[in-house]
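Q: Encoded as structure tokens, here's the structure I'll be asking about.
The values are calculated or read from the model by the stated rules, or taken from the named source; none is laboratory data. Owing to the predicted nature of the structure, the values given are computational and were not obtained by experimental measurement. Here Cβ is always computed from backbone atoms with ideal geometry, including for glycine, and neighbour counts include all displayed protein chains. The area values use the complete protein model at the heavy-atom level, side chains included, leaving out ligands, DNA and RNA. Shrake-Rupley method; radii C 1.70, N 1.55, O 1.52, S 1.80 Å.
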Amino acid sequence: MSEYLHIIIWFFLIEALSFISVPFIRSAGNRLADGGYSVSRALGIMLVTYLSWIFSYILGFSFTAVLIAFFLLCSVSIFLYRKQKFFPGRKVLVVNELVFASGFFFFLLVRTYLPEIYRHEKFMDFAFLNAVIRASSFPPQDPWFAGGLMDFYYYFGYLSVAVFGKLSAVKPSILFNLAVALTFALSLNAFFGMGYNLTRGKIRYGILTAVFGMLLGNLQGLIEFVSVYIRHEQALGGYYWSSSRVIPFTINEFPYFSFIHGDLHSHMLAIPFQLLVLAFLLNMHFRKNEDSIFENSLALLMFSMSLGFLFPFNSWDFPVYFGLAFLVIFAFYCGDYVHNRNLFAAVAKFSNSMIFISIFSFLPYLLFYLDFNPQAAGGFDFVLPELRTETDRFLILFGLFLFLVFSFLITRLDSRRKIVFFVLLAGVSALLSKAWSIPLLAVLLPVFVFSLLLFLKDIPERSASGFVYLLISAASFIALLCEVIFLDDPISGEFARMNTVFKFYMHLWIFLAISAAYSYYDLNSHYAARSGNRKTLKQFVKKGWSVILVILIICCAIFPAVSTVTRIKEMNAEPSLDGMEYMRELDRGDYNAIRWMQENIKGSPVILETSEDDSSYSYACRVSANTGLPAVIGWARHERFWGRDHEEVKKRIGDVSLIYSTGSEEEAIELIEKYNVTYVYIGTLERQVYDVNTKKFENKAYFEPVYEGSATIYKLKKNRKKDVMNFHF
């Protein structure tokens, strides 16, 4: 019963943020039809997370620090509310609450049938989440490299989950699944808000944008359905998997895949916070005939902090949204110049705005940057011609959205001169595509150039269409950039650009989904205004176009429907929100021992458990993953990828094996003290992997058994440990 109470407290804390954040979001979203309410929870989560992180440098990361952060935010909110005396209207409140609640309870139901925190990279995500929850200071300890810190990783995504876990005391194994459902609901609500605000308060187009963004898949879902259920072919990884592997040697995730897959990765957690920044940018875009792009200092601060929050949350997002901010601000001050004809003033204001945004998106997170030490990236490299994306693959991913976007842009060819220009541009693009061996150039270069020109032409008006032109040009540019260069990380060979496509294609989906939904609204308005009673050729074309659109939507709806059913059927799990329940059947001894560790071990003492060279994606390191306690070495492949010295990783794997198998007490104690190990875990997996010599652990002068069952946990006695608390590699 107490667990349900904790979950209810957690939910009401999240719900309260939508109201607490209203005064903060008001000035930064006052030109939006919903006043920014659709992203208010995301802003509230950002502010509580940030304040908790700041207070942790004074009080340590604790319940007290988070509680103070929450109450400080409430106090400032009350002060601002008394000053502003503003609250969203009933329509805005009711519609957004319904959208959020629908998304949350729908995906919470899905998670109850897919609860287990196991397989793929869920152990990694859970290890990071638990390590952050256990942290007393930041950066947290690396749970898979004792003595190391998570200074190589953007950990704010896990921190944003952990702060509300601290406040509500929800068990981490339940919090994991609540976080997936919450992120889904936040994203659905934010997509709804983008459509609602672009169409100036039209609910049905808000819903359409939410559906396009969060509830559809790509055309691979249809292809795989035919393959598996009509041709009865074997599906590698299950029905849903191939939809994320459309472009060979890359990952092409999209929101519904990420959520049904269920890994609590930063790129998935970041979706609502990207949309928060996008909502602020839309508000800035709508500001006309104003002296400044920001309403006041609070609006500047909220936008800058939201933009800066993206880097420690999911670093790949920051350059994309900083670039968008640059263009929106550039357009605003170009419009200012058009109206006032004062070039010097416009340039000065633009420069000041960019300087202040740069400062206030960086300075609040200075402590993160001082500790941040990424070692996985080594510059950029060029994509080989044979690894570039074929046009048919790209159309499988974004066919529905591109159909609507192309239709939208074609309606802008309203003069002979524009048609001739576009035809010439398409011809040149086709020639360049052949000459440079970049297939997508033939499709996307005309779209990029034409939409960018339309955006620039719209600068004096800064209409909703103008913002959509910007999103279309940004999506085209990012897609083409991925065909030319990639971030050089430890993955090499054919898979070298895998992470670059993986991270940036999520932006493509977000931008194109919003653009496609708005395109339908614009086209519908366009033809509704010109419709007559006579049966004309245009009406027949419209009917044909509508049939194609319906077919595409049905094809894209196959993936979410079938993947949800098949994933639940394949997991065959008892309904639960506890992600550790699977372990009761898999290894009851591990389940009981790990639960004991969760309840009885405080702080972050080092543990010893199984790890091998090929341990990644396996059941190995399940103790550190489920507790957040740092192991001597965890998933070896991942630690190498994050930049750890390969020889050091190899040495640690050998030392772990030696500690378990050696008959020499002195040798075992020497290695245990070298890594500052406090607890030695011996379960079924350790006995299978190693020739465990338990005699040395039975020496009561050195060890005491603190837990005994089918798994045994030994604790090294304090008076036998050397002073190596400050040991680092």
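Q: Could you order Leu549, Leu301 so the one with the most accessible surface comes first? Probe is 1.4 Å. Numbers along the way, then the final one.
A: On the way: Leu549 15, Leu301 65 Å².
So, going from the largest accessible area down, we get Leu301, Leu549.
Q: Return the carbon/sulfur percentage of the accessible area of the chain, one whole number, probe 1.4 Å, all protein chains in place. Write out the running numbers ahead of the final one.
A: Working: 18180 of 29460 Å².
Roughly 62 percent of what the probe reaches on the chain is carbon or sulfur.
Q: Around Phe128, what is the net charge, scoring Lys/Arg as +1 and Asp/Glu as -1 over all other residues with Cβ under 15 Å from its Cβ?
A: Values: positive: Lys122, Arg134, Arg622; negative: Glu121, Asp125, Asp142, Asp151, Asp263, Glu639.
Charge balance in the 15 Å sphere: -3.
Q: Please report the accessible area of Leu577 (heavy atoms, 1.4 Å probe, ligands and nucleic acids excluded) in Å², nearest 10.
A: Taking all protein chains as shown, Leu577 has close to 30 Å².
Q: Okay, moving on. Evaluate the charge dipole of the chain about its Cα centre and quote only its size in Debye, nearest 20, assuming +1 on the Cβ of each Lys and Arg and -1 on the Cβ of each Asp and Glu. Show your work: numbers first, answer last.
A: Values: 64 positive and 59 negative charges, 685 e Å.
In total the dipole reaches around 3280 debye.
Q: Roughly how far apart, in whole Å, are the Cα centres of the range 6-59 and the range 463-529?
A: First find each Cα centre; the distance between them is then 28 Å.
Q: Roughly what angle does helix 464-481 make with the longest principal axis of the chain, taking Cα atoms, 0 to 90 degrees, to the nearest 10?
A: Orientation of helix 464-481: about 50 degrees from the principal axis.
Q: Alpha carbon centre of the range 253-278 versus the range 284-363: separation in Å?
A: 25
Q: Given the pairs Lys695/Lys718; Lys674/Lys700; Lys602/Lys696, which are separated by over 28 angstrom at their Cα positions?
A: Details: Lys695/Lys718 20 Å; Lys674/Lys700 20 Å; Lys602/Lys696 26 Å.
Violating the 28 Å Cα-Cα cut-off are zero pairs.
Q: If you fit an axis through the alpha-carbon atoms of helix 588-600 and take the longest principal axis of the Cα set of the chain, what angle between them do you get, 0 to 90°, nearest 10?
A: 90
Q: Another one. How far, in degrees from 0 to 90, does helix 537-571 lean away from the longest principal axis of the Cα atoms of the chain, to the nearest 10?
A: Tilt of helix 537-571: around 10 degrees.
Q: Excluding same-chain residues fewer than 8 positions from Lys349, which lysines have a Cα within less than 26 Å of its Cα?
A: List returned: Lys288, Lys457.
Q: Same structure, new question: Dipole of the range 193-337, Cα-centred, from +1 at each Lys and Arg C-beta and -1 at each Asp and Glu C-beta, to the nearest 20 debye?
A: Its charge dipole is roughly 380 debye.
Q: Relative contact order of the chain: what whole-number percent is it, with Cα pairs under 8 angstrom and at least 6 residues apart? Mind showing how you got there, number by number?
A: Numbers: 1128 pairs, mean separation 132.7, N = 729.
Rounded, it is 18 percent for the chain.
Q: Any idea what the dipole of the range 583-716 comes to, in debye rounded to 20, about its Cα centre with Lys/Arg Cβ at +1 and Asp/Glu Cβ at -1? Don't skip to the end; give the middle numbers.
A: On the way: 17 positive and 23 negative charges, 77 e Å.
So the magnitude is around 360 debye.
Q: For the range 624-719, with the dipole built from +1 on Lys and Arg beta-carbon atoms and -1 on Asp and Glu ones, taken about the Cα centre, which of His638, Ser710, Tyr660 lies farthest toward the positive end?
A: His638
Q: Would you work out the Kirkwood radius for the range 497-625? I mean one over the mean of 1/r across all pairs of different Cα atoms, in Å. Let's see the in-between values first.
A: Working: mean 1/r = 0.0473 Å⁻¹.
It works out to 21.1 Å.
Q: Sequence neighbours fewer than 8 away in the same chain don't count; with that in mind, list the lysines whose C-alpha is under 23 Å from Lys91.
A: Lys202
Q: Now for a different question. Just need the relative contact order of the range 583-716 here, percent rounded to a whole number, with Cα pairs under 8 Å and 6+ apart.
A: Once divided by the residue count of the range 583-716, the mean separation gives 26 percent.
Q: Helix-only estimate, please: 222 nm mean residue ellipticity of the chain, summing -39500 (n - 2.57) across DSSP H runs of length 4 or more and dividing by its residues, to the nearest 500. Walk me through the numbers on the way to the answer.
A: Values: 30 runs with 461 residues, N = 729.
Result for the chain: -21000 deg cm²/dmol, rounded to the nearest 500.
Q: Please compute the net charge surrounding Ser576, taking Lys and Arg as +1 and Asp and Glu as -1 over other residues with Cβ under 13 Å from its Cβ.
A: Details: positive: Arg111, Lys171, Arg584; negative: Glu3, Glu116, Glu574, Asp578, Glu581, Glu585.
Once positives and negatives cancel, what remains is -3.
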